[in-house]
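The values are calculated or read from the model by the stated rules, or taken from the named source; none is laboratory data. The structure presented is a predicted model; accordingly, all values stated were derived computationally and were not measured. When we count neighbours, we look across all protein chains shown, and the Cβ atoms used for this are built from the backbone with ideal geometry, even at glycine. These accessible areas exclude ligands, DNA and RNA; they are computed on the full protein's heavy atoms, side chains included. Shrake-Rupley method; radii C 1.70, N 1.55, O 1.52, S 1.80 Å.
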Amino acid sequence: MYKDWLGNTVTAASDATLAGIDDFLQGYLGYEVKAAAIFAAADADADCAIANAYAAICNMYMETPEAPALAKSYIERAEAAAPKASRREQMATKAVRAWVDGDIPATLSLSNEMAQEFPRELAIAKTCQYHLFNLGDSPGMLRVATSIRDANIDLPYMHGMLAFAYEQCHFLDEAERSARHAIALKRKEPWAHHALAHVLLTQGRIREGVDFLEDVKDSWTDLNSFMLTHNFWHLGLYYISLGAYDKVLALYDEHVWGVWKEYSQDQIGAVSLLMRLELVGVDIGDRWTEVGHYLKARSRDVVQPFLSMQYLYGLARAGGPEADELMRHIREHAAEAPAFVREAWAQVALPACEGLLAHARGDCETCVRKLGAAMPRMLEIGGSHAQRDLFDQVLLDATIRSGRLIAAQRMLELRRQWEPNGVPLNTALAGIYEGLGLPREAARAAERAKLAMAG
């Protein structure tokens, strides 16, 4: 009888299979490249249901229209082996099959059931959080994490899962405590680093955030491309707030873009950071051209609305015809998407995409009208607070450029409540107050920006 690293019974044929499963579990929870060892383990042991189900999970994380086809052979082998496997392995196989088939509600139902019955099955619990995140269901993310907390209290990864769920629910104190506890248990816990980066940014603790990420970045070794590039992306957000734009460009060139240029999350990280730099007036050179080259393959990609929105903007800024092709597919998909996400596509993603495409092409009036209508429901398209803030910034830019200074003043002052000393924010406010005939307020905003840049 084999048991995996977490103590779960495994129906496996060899020590090598178990080693591959353990590498997957540790790599998956720790965002390390060794998770890919599951493919060799599954290929060598067709009779191990859980190894093949885990391999299918890895394929599905490609987040492409082709991912289900890539996962097909693994999930079919898992199903063939399932009758001789344990109940946990059988349930995991069914949960992954539902994902491959696009039935996310069934995946979530099975995953929540497993959390109650098998709380040490962290791969399925982690995947459950991923799906809930993509649906904008942060309370669901927290519910899953708290349901398995007591059974996994010894694991740093558990506290990292809790920290991000707390943060997405706006329980910032709880999120910080959980993240710091995870890091105390294991300094190299990049998901906890990520959660704490969210907290510090949300609270406007900009220099503290820079110091923290600069301190722990030496531990980001052997990470998968998403976690590595995304944590550096977070560092870039802090440096934008400080007006250190040369540092952001260096982070982009050295750490955010170039690890795995074909991967969805690396692509949207690049698009998002370039957008943010342009929104604060930075000349990014010809960087859109290369990103656009890799985004051409996304011209029919409507796997997730949050991803498609950023693919669209990047394609538009790159200047090719693929942006219009993707926009057509988004319109078509909005009318025929599965019921559980149809409203998110039709009533949120579609108008938001129309607004984003307009902004990328300089039509700020259409952007304000279309993107503005979608903003109150933007949570439904997935992504984190920090990621979705990009769309607030696009709307703000369109509001300013279309001459709506009164509306822009209100938007900026609301942002200043949580980012009081942001350089781009106060620079923009200085211009707005000049336009509104308030030179004293303009001078105060300009001084705040100057002091923040001086450190």
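Sub-7 Å Cβ pairs linking a first residue in the stretch 162-187 that is in contact (Cβ under 8 Å) with a residue 24 or more places away in the chain to a second residue that is among the polar types (S, T, N, Q) and open to solvent by 30 Å² or more (accessible area, probe 1.4 Å), at least 6 apart or interchain, are 172/202; 172/203, ordered by first then second residue. Residues in the stretch 229-267 that are open to solvent by 10 Å² or more (accessible area, probe 1.4 Å) and among the β-branched types (Val, Ile, Thr): 2 in all.
Listed by first and then second residue, the pairs with beta-carbon distance under 7 Å, at least 6 apart or on different chains, first residue in the stretch 372-384 and at positive phi, second part of a loop (DSSP other than H, G, I, E, B) and not polar (S, T, N, Q), are 382/135; 382/136. Take the conditions in a helix (DSSP H, G or I), in contact (Cβ under 8 Å) with a residue 12 or more places away in the chain, more than 28 Å from the chain's Cα centre (by Cα) and surrounded by fewer than 19 Cβ atoms within 10 Å (Cβ to Cβ) and apply them to residue 36. Does it pass? Here the answer is no, as residue 36 does not meet what is asked. Restricting attention to the stretch 429-455, the residues that are of a type in the set (Gly, Ala, Ser), within 12 Å of residue 241 (Cα to Cα) and either open to solvent by 20 Å² or more (accessible area, probe 1.4 Å) or at pLDDT below 95 (or both) total 2. For the stretch 401-455, filtering for residues that are under 23 Å from residue 368 (Cα atoms) and in a helix (DSSP H, G or I) leaves 25.
Each residue in the stretch 239-267 was checked for being farther than 21 Å from residue 310 by Cα, touching a residue at least 40 places away in the same chain (Cβ under 8 Å) and in a helix (DSSP H, G or I), and 1 of them qualify.
Just checking, which of 16, 71, 82, 106 is without any contact (Cβ under 8 Å) to a residue 60 or more places away in the chain, outside any loop (DSSP other than H, G, I, E, B) and in contact with a Ser or Thr (Cβ under 9 Å, 6 or more places away or on another chain)?
Details: 16 fails: in contact with a Ser or Thr (Cβ under 9 Å, 6 or more places away or on another chain); 71 fails: in contact with a Ser or Thr (Cβ under 9 Å, 6 or more places away or on another chain); 106 fails: in contact with a Ser or Thr (Cβ under 9 Å, 6 or more places away or on another chain).
That would be 82, the only listed residue that is without any contact (Cβ under 8 Å) to a residue 60 or more places away in the chain, outside any loop (DSSP other than H, G, I, E, B) and in contact with a Ser or Thr (Cβ under 9 Å, 6 or more places away or on another chain).
Of all residues in the stretch 208-226, exactly one satisfies the criterion of being touching a residue at least 60 places away in the same chain (Cβ under 8 Å) and open to solvent by 70 Å² or more (accessible area, probe 1.4 Å), namely 222.
Screening residue 409 on (1) farther than 22 Å from residue 277 by Cβ; (2) polar (S, T, N, Q); (3) open to solvent by less than 30 Å² (accessible area, probe 1.4 Å) shows it passes everything except condition (3). Of all residue pairs spaced 6 or more apart or on separate chains, those with beta-carbon atoms under 8 Å, a first member in the stretch 403-422 that is β-branched (Val, Ile, Thr) and a second member that is at pLDDT 95 or above are 406/436.
Inside the stretch 39-63, residues that are open to solvent by less than 50 Å² (accessible area, probe 1.4 Å) and assigned to a helix (DSSP H, G or I) make up a count of 14.
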